[in-house]
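Below: one structure, written as structure tokens.
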Amino acid sequence: MTDRAGYDEINEVKADMDHIYNEPDPRAYFRELQKLGYAIPGAAQPVFQKLISHLRRRRDETIHILDLGCSYGVNAALLKYDLSMADLYEHWEREDLAGATADRVAANDRRFFANMEQTQDIEVIGLDQAENAVFFAEDAGLLDHGIAVDLEKETLPVDVKEELASVDLVISTGCVGYVTEKTFERLLPAIARGRKPWLANFVLRMFPFDSIEKALRARGYVTEKLEGETFVQRRFASSEEQGQVLEQLREAGVNPAGKEDQGYLLAEFYLSRPAEAVAETPLEQLLLN
């Protein structure tokens, strides 16, 4: 069982970047994370795209996505448009916006994204405790709806439950470790009232997923891990951070040899679906199609 204190203890070995997560616009976020080669949304992009394509073949309609830990709408940008992480780094580092206000950056983004053609028939709801980031992503047009709430401490607002009932796919690329099973337990009654959405989580190897998997299993979900695959989140911020993470991994029984000892934080992929969907198409086969 993983509790809040357990995740907090694990997080203590990571570099503290809280100061960039809730700025009025994404410039500081991208500036700092580019230095570390932050890459997990781009690594997750083709996996999510395959899941969306498979869901569309089953449902033949707009796919509704809930992005947990949505931040400034990075996953929404990558999934809606023909963009890469390199494109987003370039976009939010433009010299002509260096001294701009957050309102000007948001206005610029509204024009930028409005003039792009969506490559996927999707709608994205974003949920994050970072209120400024959620507001920006919604204001810039990346999120179709934003929900600023900390489900570790608060219950889900009543006025969003109806909208969440239409969600087909829940995604995350780094929030597990900041959120525990408590967030999922508070979310599941709203999203799993009718047809159960799929839940696709990229989770750093330093964070156990067992408590969340147990909470999902209680709701009728089967969780598969993509075996033998890891995904780069970012470079370590320092040799001290790397050393502490390696020690933590070994204490948890996770072997970092040939993995994190090469200089990168690595994530694994977990997909949770109703049992009948798993029986019909196992994860490895799903990602081949």
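The values are calculated or read from the model by the stated rules, or taken from the named source; none is laboratory data. This is a predicted model, so every value here is computed, not measured. Glycine gets a Cβ as well: all are built from the backbone with ideal geometry, and neighbour counts include every protein chain shown. Heads up: the accessible areas ignore ligands, DNA and RNA and are worked out on the full protein's heavy atoms, side chains in. Shrake-Rupley method; radii C 1.70, N 1.55, O 1.52, S 1.80 Å.
Of note:
Residues are listed down the side, and each one gets a yes or a no for (1) aliphatic (A, V, I, L, M); (2) over 15 Å from LEU204 (Cα atoms):
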position	(1), (2)
GLU241	no, no
LEU249	yes, no
VAL254	yes, no
LYS259	no, no
TYR264	no, no
ALA267	yes, no
TYR270	no, no
GLU284	no, yes
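- Only helices (runs of 4 or more DSSP H) whose full extent lies in segment 172-289 are considered here, and the ones with at least 2 residues that are under 27 Å from ASP128 (Cα atoms) are 181-191, 210-217, 239-251.
Okay, residues lined up against (1) among the hydrophobic types (A, V, I, L, M, F, W, C); (2) at pLDDT 95 or above; (3) open to solvent by 70 Å² or more (accessible area, probe 1.4 Å); (4) in a helix (DSSP H, G or I):
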position	(1), (2), (3), (4)
ALA76	yes, yes, no, yes
GLU93	no, no, yes, no
ASP96	no, no, yes, yes
GLY126	no, yes, no, no
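- Across segment 13-37, the number of residues qualifying as open to solvent by 30 Å² or more (accessible area, probe 1.4 Å), in contact (Cβ under 8 Å) with a residue 40 or more places away in the chain and within 28 Å of GLU247 (Cβ to Cβ) comes to 3.
- Selection status of LYS153, in contact (Cβ under 8 Å) with a residue 12 or more places away in the chain, basic (Lys, Arg) and over 19 Å from LEU78 (Cβ atoms): no
- Looking only at segment 128-162, and only at residues there that are among the aliphatic types (A, V, I, L, M) and in a helix (DSSP H, G or I), the one that is farthest from the chain's Cα centre (by Cα): VAL158
- Tabulated pairs, segment 269-289, first within 23 Å of GLU181 (Cα to Cα) and touching a residue at least 24 places away in the same chain (Cβ under 8 Å), second part of a helix (DSSP H, G or I) and among the aliphatic types (A, V, I, L, M), C-beta under 6 angstrom, 6+ apart or interchain: LEU271/LEU283; SER272/LEU216
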